[in-house]
Amino acid sequence: MQPNEEKVYKVSELTQLLKMTLETQFAAISVLGEASGVVLASSGHLYFTLKDSSGAMKVVMFRGQLLRSTLNRLENGQQIVVRGTLSVYPLRGEMQIIASDMRLQGIGDIFAALEKLKKAYQEKGYFDPQRKKPLPLLPGRIGVVTSPTGAAVRDIVRILRRRFPGIALVIFPAKVQGEGAAAEIAAGIDYFNGAPAEAGVDVLIVGRGGGSYEDLWAFNEEPVVEAIFRSRIPVISAVGHETDFTIADFVADLRAATPSAAAEIVVNRKDEFISHIDLLNNTLNRRMEAVFHLRRDALVDCVMDSSLTRYHSRLLEKMQRLDSNEFTLSAQAERLWRGRSEQLSQLTSALRSLNPEGILRKGYSITTAASGQVVKDSDTLRDQERISIRFHHGQTAAAVIKE
């Protein structure tokens, strides 16, 4: 190479040179930071970002080191010390730490801030299960508030078209991270709640795909939380991956682990609805047939009952018995009347025979003393005592003459 000739590296050469240099110079380092964007791959390898207030670095811990690590279960927001080797990932030219061990140092700033917000809203009753609204069984229209270009909206559209072809889907495009994202997300929720009935939706999906805690922070901010809380439409929060949690997840009516999961939850498969309707229809028809046959058999039994077939003759018998009773009662009543009439005649005759008027009519008279007492014995009278004599017609006064 000539003295002034420029050295030109291939990208792969430079990345390999950097890799060898870093791995030699920083073969054993310990770095303190906050874990963010934690992802455990199906291979068992752990990927995350280690950051502080002004810097960030990718970290990978392979499965074997993770199983032997002091801390082998990592969560977003944890403050940790990572021990390992500084290296370069050649395919992307990214500097990263290949971790051999990690230990818990404390709670990171973002995680602490999230816990503080969570506690505040919980005390205000925003997470109360009693206020959560049920999802509609079969929504006519589904609203989605998310980025129009992200993977989340593509997954939701794809899954809903597969599960329920033809279902109406209305998308409100909104920023889902960075400055102004919270305001746009809240505006989308309010838009659907303020729409007229003919343009309204029955349920809302609000969310985005995965990212670091910083990327998801808009779903912890007050505008989004308040909009979800006051929404009259049921809200499904679908933010990030399964391990990611935001305040929106807690205040929403239902939390889905991912946007794809939200699309699975919001409505059942169309063929499942049709099968269930067919099952209900068949069940109803069978029950109606069973009731019909039961009632028909009961009617036949009633008609064929011997007591019913003899009803007319039995009715005639009862009528004859009634007539017989009537005749008997009439005869008894007549005999009783005659007996009582004879007794009355006898009593009348007796009374007439005892009547004083009847005796006077025969020529007898009644004598009464001056005291008014009927004289029954002449010895009770005194000489010259005045007496009264009553005849059939009239009466006269007289005096007693004792001889």
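Each value in this text was obtained by applying a stated rule to the coordinates, not by laboratory testing. A quick note: this is a predicted structure, and the numbers were derived from the prediction, not measured. Cβ sites come from the backbone with ideal geometry, for glycine too, and all protein chains shown count toward neighbours.
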Self-check item: Condition check for residue 149: β-branched (Val, Ile, Thr), loosely packed, with under 15 Cβ neighbours inside 10 Å and out of contact with any Gly (no Cβ under 9 Å at 6 or more places or on another chain)
Solution: yes
Exercise. Given the conditions (1) within 27 Å of residue 46 (Cα to Cα); (2) crowded, with 16+ Cβ neighbours inside 10 Å, report the number of the one that residue 178 does not fulfil.
Key: (2)
Exercise. Looking for whichever is closer than 30 Å to residue 22 by Cβ and among the hydrophobic types (A, V, I, L, M, F, W, C) here; the options are 111, 164. Which one fits?
Key: 111
